[in-house]
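The values are calculated or read from the model by the stated rules, or taken from the named source; none is laboratory data. On a predicted model such as this, the values are computed, not experimentally measured, just so you know. Here the Cβ is made from the backbone with ideal geometry for all residues, glycine too, and neighbour counts use every protein chain on show. Side chains are part of the model used for accessible areas, which takes the heavy atoms of the whole protein and leaves out ligands, DNA and RNA. Shrake-Rupley method; radii C 1.70, N 1.55, O 1.52, S 1.80 Å.
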Amino acid sequence: MADLSAKITNLGTRAVLKLSHKPYPPRFSRPLFDMQTSILRKHISRICASETAKIAEMPETARAFDDNSKTPIWVCWLQGERCMPENLKPYIATIQKNRGQHPLYFLDLQTAKDLVTIPQFILDSVKSGRISRAHLADYIRICILEKFGGIWLDTTIILDSPLPDAIFDYPFWSVKNLDFFPYSPVIPGGLQWQIYAIAAQPDALFYNALRRLFEFYVREENGKNNYFFVYYLSEILRRDVPILRNEYEQIKSNNAKCEQIQPFLSGWKPICRQNPDEVFASVSASPDGTGDAIDADGTFLYKMSSQIDLTNIDSADKKGDSSRNSRASYIKKRFLTAEYDSSAYSPLSDLFTSKSISSRTSNSTDK
């Protein structure tokens, strides 16, 4: 019955989005999304109950870094750097600019396979369409952080300030307690956790558990998987595993404004009524440049979209809206001043001599 209800609700959700000409879901659809989330939350929790119970008995295995200022940063484009759209490069350039001493690694599908084990049934599920390439990218980042630790940033992330060293003091970390943004009703727990900016110490229980739950769920769920199913899995772990619930509670609120650029560009009134210099105020870093002076709600990274092209302001607004062009110009001048450098990435060969590499040679329960 839950499966049928979820299918009906999903059909209604798609209809609302198709009928809406706005970039974000209309307000009247909020109850529909809440209903969908409630149904799927119960459905996925039920499927994963037995595996979650096993995970709840596992101890924390995270290993602290020797030097938080030199932990790895990971970015990925599965098709490879040469196939990466030009409009993403200015975002990555901000990561290159603000990476400090952190090695920056670029992954594609082949190099990811060289670093971590991707079970064949996961690859087969992508090929059959049961899970998407976006889900595959989610699985890869989970495995990479479990094995090596560091921070994973999507190619659509603008890094506005140096990474605070303190985020690597936690076994696992994510953006947390975000301000409301127009698309947040669609994303389960989207104000509390986002997969586009996540960090960990090597062998952290959270990512070991998330990988196990991902594999278990893909095996058990026969139908096509919900786009946000990894968010539900994260919720389950942070809710039902006491160790992980306690660790998550220790993470301070951070990056509250990180979802504000896209609605600003789209003319969302609650943001556009404000002074953009206050909405996108720079955080203050400590004198040594580590950024540890960032307050609890300091925003040092922002989420963009691969669909937005600010390399050409005109292409950011196909309708010729001068006010949108003005907003796009502001964002470009405010954030995108660094030049992309294809030679700025650290060689992956360094990972095999790094102290941060896990002693474990395999990270999969599927042999």
Accessible surface of segment 35-140, 1.4 Å probe, proportion on carbon and sulfur as whole %: 52
Under-5 Å amide H pairs with LEU301, H placed in peptide plane, nonlocal only: ASP160
Heavy-atom accessible area per residue - segment 143-237, 1.4 Å, Å²: 22
Sulfur and carbon atoms: percent of accessible area, segment 155-277 [1.4 Å]: 46
Karplus-derived HN-Hα couplings along segment 173-179 (A = 6.51, B = -1.76, C = 1.60, θ = phi - 60°), whole Hz, x at Gly and Pro: 8, 7, 4, 8, 6, 6, 5
Surface accessible to a 1.4 Å probe, TRP77 within the full protein complex, Å²: 50
Cα gyration tensor category, rounded, prolate or oblate, for segment 79-231 with a/c compared to 1.5: rounded
Highest-first arrangement of 231-237, 322-328, where packing means the average Cβ count within 10 Å: 231-237, 322-328
C-alpha center-to-center spacing [segment 52-117, segment 162-204] in angstrom: 14
